[in-house]
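**Student:** Let me begin by handing over the structure; questions about it come next.
The values are calculated or read from the model by the stated rules, or taken from the named source; none is laboratory data. What you are looking at is a predicted structure, and each value in this text was computed from that prediction instead of being measured. When we count neighbours, we look across all protein chains shown, and the Cβ atoms used for this are built from the backbone with ideal geometry, even at glycine.
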Amino acid sequence: MKGVSLFANVGIAETYIKNHNIDIIVANELLEKRAKFYKELYPNCNMICGDITSENIYNQVLQEAKKQKCEFLIATPPCQGMSVAGKMKKNDPRNSLIKYVINFIKDLQPTNIIIENVPGILKTYLEFNGQKIKIVDFIQNELKKLNYFINYNIVDTADYGTPQTRKRAIFLISKNTLWQFPKKQKQTTVREAIGHLPSLESGEKSDIPYHFAKKHNDRHILWLKHTPTGKTALDNKIYYPQKEDGTRIKGYKTTYKRIEWDKPAPTITMANGSVSSQNNCHPGKLKEDGTYSDARVLTLKEIFILTGLSDDWTPPAWASENLIRQVIGEGVPPKLIDCLLNTMPTKKAKYESLGGLFSYEAA
């Protein structure tokens with residue numbers, strides 16, 4: 001089955017897609033560096049770089065998808081306007097990008113479709129034909145005209161083979177029959193995923209590719225050395241985050257925080273290289289002197305593993321550490337897509353036997 005990817009980022013979501021006899025041969029990404037990154041990972045794909053809201057770019061992608069007779073579509077439009085990690089702007093223009101996805105579906109009419117976004121999409125409105133409408137209702141209203149079966153749910157990637165908690169809204173859309181969500185799997189902990197990797201302090205390197213520690217400033221290192229596993233340095237009684245004048249730094253309890261060993265990792269964000277951002281610091285181990293090891297953010301290798309990437313996943317040599325961290329923070333953990341494709345319907349069922357077109361599985 002040939003497929004197309006919209007808002008492709010660098011193709012992290014598609015890591016295991018070929019295991020399902022799907023070949024993404026057309027893709028679109030707005031940002032040039034990410035498009036170049038994608039092309040190096042998937043050299044046989046026709047990556048069309050540009051703004052999908054441009055009529056020219058939209059038509060280029062659509063015509064190539066039609067020419068190649070693409071029957072599968074994956075779309076992961078930007079979510080910052082609906083994300084709790086973003087600014088939650090109701091009128092963020094990115095909230096309306098779903099319109100282009102739905103128009104593309106109507107123009108191409110692929111057999112099977114995955115749309116991925118943040119859970120906030122289920123509560124977000126957009127303007128359509130002069131009226132405000134919930135995005136979820138817009139999707140259903142537009143696609144029911146084409147007799148698509150639509151199943152949607154909020155899922156946690158930690159339940160689908162990824163050692164990272166990341167809740168996503170998933171729309172499974174098919175012309176064949178109702179696409180069922182797969183059964184949940186046993187969760188994998190941080191310890192099980194990365195506990196075997198050698199300990200590293202700030203600035204240290206190992207012999208394992210991409211397992212090198214980012215260099216931090218001495219103050220951050222001092223605070224983290226005195227921060228227990230699963231805790232934030234903000235709660236330290238002595239070595240707490242402070243400004244150069246000694247004023248105590250205030251912040252959310254998810255900042256300056258070590259993650260826990262015996263749970264899946266928290267959501268890995270674009271700012272995963274910052275000690276002061278959300279849940280980015282290595283769990284560490286208690287040392288004989290009472291301090292904790294690994295006073296640093298997670299290494300790239302640790303992030304690769306916690307995102308569910310394959311052992312041999314290798315970014316382009318030219319890509320900077322910051323770029324790699326950003327694209328992974330915005331990427332879709334690929335084992336989730338892998339699990340969803342395990343239940344993709346391949347045969348058409350009778351419409352009457354399913355009692356209708358729409359279903360919502362309560363989280």
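**Student:** Does GLY308 qualify as being within 30 Å of LYS175 (Cβ to Cβ), in contact with a helix residue (DSSP H, G or I) (Cβ under 9 Å, 6 or more places away or on another chain) and not hydrophobic (A, V, I, L, M, F, W, C)?
**Tutor:** yes
**Student:** So, one more: Which of the residues that make up region 320-345 are over 29 Å from PRO182 (Cβ atoms) and more than 19 Å from the chain's Cα centre (by Cα)?
**Tutor:** Residue satisfying the conditions is SER320 alone.
**Student:** Do the conditions hold for ALA265, that is, is it surrounded by 20 or more Cβ atoms within 10 Å (Cβ to Cβ), closer than 18 Å to ILE303 by Cβ and not acidic (Asp, Glu)?
**Tutor:** yes
**Student:** Considering region 245-258 alone, what residues qualify as being touching a Pro at 6+ places or on another chain (Cβ under 9 Å) and either aromatic (Phe, Trp, Tyr) or not in a loop (DSSP other than H, G, I, E, B) (or both)?
**Tutor:** Once the filter is applied, which keeps residues that are touching a Pro at 6+ places or on another chain (Cβ under 9 Å) and either aromatic (Phe, Trp, Tyr) or not in a loop (DSSP other than H, G, I, E, B) (or both), region 245-258 yields ARG248, THR255, TYR256, LYS257, ARG258.
**Student:** ALA158 versus (1) at pLDDT 95 or above; (2) closer than 16 Å to PHE171 by Cβ; (3) in contact with a Ser or Thr (Cβ under 7 Å, 6 or more places away or on another chain): which is the lone unmet condition?
**Tutor:** Of the numbered conditions (1) at pLDDT 95 or above; (2) closer than 16 Å to PHE171 by Cβ; (3) in contact with a Ser or Thr (Cβ under 7 Å, 6 or more places away or on another chain), the odd one out for ALA158 is (2).
**Student:** Looking for whichever is in a loop (DSSP other than H, G, I, E, B) and farther than 18 Å from LEU200 by Cβ here; the options are TRP261, TRP313. Which one fits?
**Tutor:** TRP313
**Student:** Given the options ASN9, ASN19, name the one that is buried (at least 16 other Cβ atoms within 10 Å of the Cβ) and within 20 Å of the chain's Cα centre (by Cα).
**Tutor:** ASN9
**Student:** Among the residues that make up region 153-168, is at least one of them among the basic types (Lys, Arg) and more than 21 Å from the chain's Cα centre (by Cα)?
**Tutor:** No, region 153-168 contains no residue that is among the basic types (Lys, Arg) and more than 21 Å from the chain's Cα centre (by Cα).
**Student:** So which residues in region 23-41 are out of contact with any helix residue (DSSP H, G or I) (no Cβ under 7 Å at 6 or more places or on another chain), in contact (Cβ under 8 Å) with a residue 24 or more places away in the chain and either under 22 Å from ASN342 (Cβ atoms) or assigned to a strand (DSSP E or B) (or both), if there are any at all?
**Tutor:** Selection gives ILE25 alone.
**Student:** If you scan region 22-48, which residues turn out to be under 19 Å from the mean Cα position of the chain (by Cα) and either closer than 17 Å to PRO77 by Cβ or of a type in the set (Gly, Ala, Ser) (or both)?
**Tutor:** ILE24, ALA27, ASN28, GLU29, LEU30, LEU31, ARG34, ALA35, TYR38
**Student:** So which of ALA213, ALA158 ends up being crowded, with 21+ Cβ neighbours inside 10 Å, over 18 Å from VAL275 (Cβ atoms) and either out of contact with any helix residue (DSSP H, G or I) (no Cβ under 9 Å at 6 or more places or on another chain) or of a type in the set (D, E, K, R) (or both)?
**Tutor:** Unique residue meeting the criteria: ALA158.
**Student:** Another question, then. Please indicate, with yes or no, whether at least one residue in region 76-84 is surrounded by fewer than 19 Cβ atoms within 10 Å (Cβ to Cβ), closer than 20 Å to ALA13 by Cβ and at pLDDT 95 or above.
**Tutor:** Scanning region 76-84, I find no residue that is surrounded by fewer than 19 Cβ atoms within 10 Å (Cβ to Cβ), closer than 20 Å to ALA13 by Cβ and at pLDDT 95 or above, so the answer is no.
**Student:** While we're looking at this one, here's another question. Have a look at ILE135, ILE150, ILE173, ILE194 and point out the one that is crowded, with 18+ Cβ neighbours inside 10 Å and either without any contact (Cβ under 8 Å) to a residue 60 or more places away in the chain or in contact with a Ser or Thr (Cβ under 6 Å, 6 or more places away or on another chain) (or both).
**Tutor:** On inspection, the qualifying residue turns out to be ILE135.
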